[in-house]
Amino acid sequence: MGTAAVAKIRLTVDADAESALDGQSRICNWLYNELLEVAGVLRARYRVDQDAATGKVLYTERGLRDLLPEMKRLHPFLNTVHSSPLKNAALRASDSIRRHQAAKHGRRKGGSVGWPRFRSWKANWFSLLFDEPGKGFRLDGNQLTLSLGKGLEGKRRSVTVHAPDAAKVLADKRVKNLRIVKQHGVFYAVFGIERAVPEAKPIHRAIALDPNHKNLAVGVDTEGNTVEIEDPWWLKRLDRRVDALKARRDRCHKKSVRVPITDKDGQPTGRYYWRPSKRWRRFNAAYQRAMTKRREQTKTFLATVAQRLCRHYDLVGIGDYTPQGGGCTSGMRRAMTNQSVIARFKEALSWTALKSGKVYAEFAEYGTTRTCANCGHVVTGGLDPDVRAWTCPACGQSHGRDENAARNGLQRLLRERREKGGATPPVPGSGPVPIRGRWTWRVRPSGIQSRGGRTGDAILER
Ligand SMILES: [Zn+2]
């Protein structure tokens, strides 16, 4: 059984701990790149001799990981990182190679994936994954202690950071793993939590949510209510500020000083990097701060919605489709951001449901938009993305695009639950639920304002 939920906690990290964690991340990043370099050499050799042992190192899940003992012998500084994050850096390198291979041999959807590139630590902080409970990390109340492996003198070292609310949030939960990440200069601990044995609680009310681009989601519940959860205007305002800051930053001349890169002994390597200008760095800092604020406000927004849903409903279902970013044009950027918001919304929902003893489930979303929720007629070729309302040619019922998808979602959700033997709410028959009321949830920093009412009208154009 996979990890059921995650708890993401913002860490309070002092300057010493920050430099210690940065160092750990940098070494993992170095190891990842070094292993890719080794793999590149092996690949060239393998093309010539097709040697089975070489192939095993290159293309198996643990191939590169098995090189670690030798790497540690050659590069003793690797011992200053705990074995878990090191091992996971190696597994990640193997995973990128295997994804490239799978794409090349057509075993994977979504087109070709190039041979993995070297990672730039400056652009992306390499996360530290501790994938076994209690190995390399320890939680005492709100104090999180991370092992840093052995110092060069052979002594075990560790660093302790403050994880506010960890004791409360993780009380009587089983932590499976921990990932330390740094996003826009802020450290987070992401705890993976094991699903508790589900209690056989009766389910009275259920809602199925259809995530969207026009709003966060549209839900239909077993009592015939449609709920549209609006995107908050205050988040949109912050989006504009983030965009403006980024644009100002990118208008500055970034490259200003050419700095030589030295190796571990301080010897010049003959390579250089460009240090950004002061002006660029100032705008970048403001941009990073705005992004952090945006993350925090999005988190509050999602938590508010998740709490409201889990308070009212015993079963909360959501469509399983999370689009992957393909060819990214600038106009798609906002939509991409929205996709990651949906992924985070799912995290927040699963976690809130776990805490409050409610059930979270994902249902197969494929085809829910193009299928009439009333008669099951499938529109050939699907609905154009601009179509917000349509009339079923088979039964004549009028549909709002999102509401119809959520109605289908609700039928799927209940059917999938019954097939797995899970409890479902008492709904008459197994057909579509008639819509009796339409509501809009406007989420404010102070809470949720619900507007709308019961209606017998035909579908409203939006
Ligand atoms: Zn129909």
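Between the Cα long axis of helix 233-251 and the first principal axis of the chain there is an angle of about 30°, rounded to the nearest 10. Overall size of the chain from C-alpha positions, given as principal axis extents largest first: 78, 53, 50 Å.
Taking Cα atoms, how many degrees apart are the long axis of helix 401-419 and the longest axis of the chain, rounded to 10 and kept between 0 and 90? On a 0 to 90 degree scale, this one is about 80. Annotation note: chymotrypsin sites (Phe, Trp or Tyr not before Pro) in the stretch 349-419 located in DSSP loop regions with a Cβ neighbour count of at most 16 within 10 Å are Y366.
To two decimal places, what compactness ratio does the stretch 128-231 give when its Cα radius of gyration is scaled by 2.2 N^0.38 Å? Don't jump to the answer; show the numbers that get you there.
Numbers: Rg = 20.3 Å, N = 104, 2.2 N^0.38 = 12.8 Å.
That ratio works out to 1.58.
Per atom type, the stretch 115-194 shows carbon and sulfur on 48% of its accessible surface, probed at 1.4 Å. Relative to a virtual label point 7 Å from the Cα of R156 in the Cα→beta-carbon direction, which members of the stretch 72-104 show backbone nitrogen distances below 15 Å? Within reach of a label on R156: 80-84.
Between D14 and K122, what is the FRET efficiency for a Förster distance of 25 Å, r being their Cβ-Cβ separation, to the nearest 0.05? Don't skip to the end; give the middle numbers.
Working: r = 22 Å, r/R0 = 0.89.
Efficiency, from the Cβ-Cβ distance: 0.65.
For the chain, a simple Cβ point-charge model (Lys and Arg +1, Asp and Glu -1, everything else neutral) yields a dipole of about 1580 debye relative to the Cα centre.
Helical content of the chain, expressed as a calculated mean residue ellipticity at 222 nm, amounts to -13000 deg cm²/dmol (DSSP H runs of 4 or more residues, -39,500 (n - 2.57) each, divided by residue number, nearest 500). Helix 333-356 against the longest principal axis of the chain: what's the angle in degrees, Cα atoms only, rounded to the nearest 10? Between helix and principal axis, roughly 80 degrees.
What percent do you get for the relative contact order of the stretch 2-125 when only Cα pairs under 8 Å and 6+ apart count? Numbers along the way, then the final one.
On the way: 90 pairs, mean separation 37.5, N = 124.
Averaging sequence separation for qualifying contacts and normalising by length gives 30 percent for the stretch 2-125.
Pair-distance distribution P(r) for the stretch 1-94, from all Cα-Cα distances in 5 Å bins starting at 0: 2, 12, 19, 18, 16, 12, 10, 5, 3, 2, 0 percent.
What ranking of I207, I448 comes out by heavy-atom accessible area, probe 1.4 Å, highest first? Before the final figure, lay out the partial values.
Working: I207 0, I448 35 Å².
Largest accessible area first, the list is I448, I207.
Please state the relative contact order of the chain as a whole percent: Cα pairs under 8 Å, 6+ residues apart?
On the way: 741 pairs, mean separation 71.8, N = 462.
Result for the chain is 16 percent.
Largest to smallest in accessible area, the residues S350, S256 fall in the order S256, S350 (1.4 Å probe, all protein chains included). For K104, the lysines whose Cα falls under 21 Å of its own Cα, not counting residues fewer than eight places away in the same chain, are K56.
The share of alpha-carbon pairs in the stretch 27-180 lying farther apart than 22 Å comes to 50%. By the rule of a C-alpha distance below 18 Å, with chain neighbours fewer than 8 residues away ignored, the aspartates and glutamates paired with K122 are E18, D22, E34, D250, D263. Using the 1.4 Å probe convention, the accessible area of the chain works out to 54 Å² per residue with neighbouring protein chains retained.
Dipole orientation for the chain: of the candidates A389, H184, C310, H184 has the Cα lying most toward the positive pole (charges on Cβ; Lys, Arg +1; Asp, Glu -1). A simple spin-label model places pseudo-atoms 7 Å from Cα toward Cβ; at W115 and D239 they are separated by 4.0 nm.
Under the 0.36 nm per residue contour assumption, what length would be gained going from the current alpha-carbon distance of R43 and R62 to full extension? Don't skip to the end; give the middle numbers.
Values: separation 19, 0.36 × 19 = 6.84 nm, distance 1.61 nm.
Taking 0.36 nm per residue and subtracting the Cα distance, the gain is 5.2 nm.
Once C-alpha pairs closer than 8 Å and six or more residues apart are averaged by separation and normalised to the residue number of the stretch 168-299, the relative contact order reads 17 percent. Kirkwood's formula applied to the C-alpha pairs of the stretch 77-167 gives a hydrodynamic radius of 15.7 angstrom.
Kindly sort W441, W121, W30 by accessible area of their heavy atoms, largest first, with the probe set to 1.4 Å.
Working: W441 15, W121 45, W30 70 Å².
Ranked list, largest accessible area first: W30, W121, W441.
With the simple spin-label model, which puts each label point 7 Å out from Cα in the Cβ direction, the N215 to Q297 separation comes to 2.1 nm. Note on V159: accessible area approximately 20 square angstrom, rounded to 10, probe 1.4 Å, nucleic acids and ligands left out.
Bridgeable lysines around K176 (alpha carbons under 22 Å apart, same-chain partners fewer than 8 residues away excluded): K8, K87, K135, K168, K346, K355, K358.
Each residue was assigned an accessible area with a 1.4 Å probe, and for R417 the value is about 50 Å².
The values are calculated or read from the model by the stated rules, or taken from the named source; none is laboratory data. Given the structure is predicted, the values throughout are model-derived calculations rather than measurements. A quick note on method: Cβ atoms are made from the backbone with ideal geometry, for glycine too, and the neighbour counts reach across all protein chains shown. Calculation scope for accessible area: heavy atoms of the full protein, side chains included, ligands and nucleic acids excluded. Shrake-Rupley method; radii C 1.70, N 1.55, O 1.52, S 1.80 Å.
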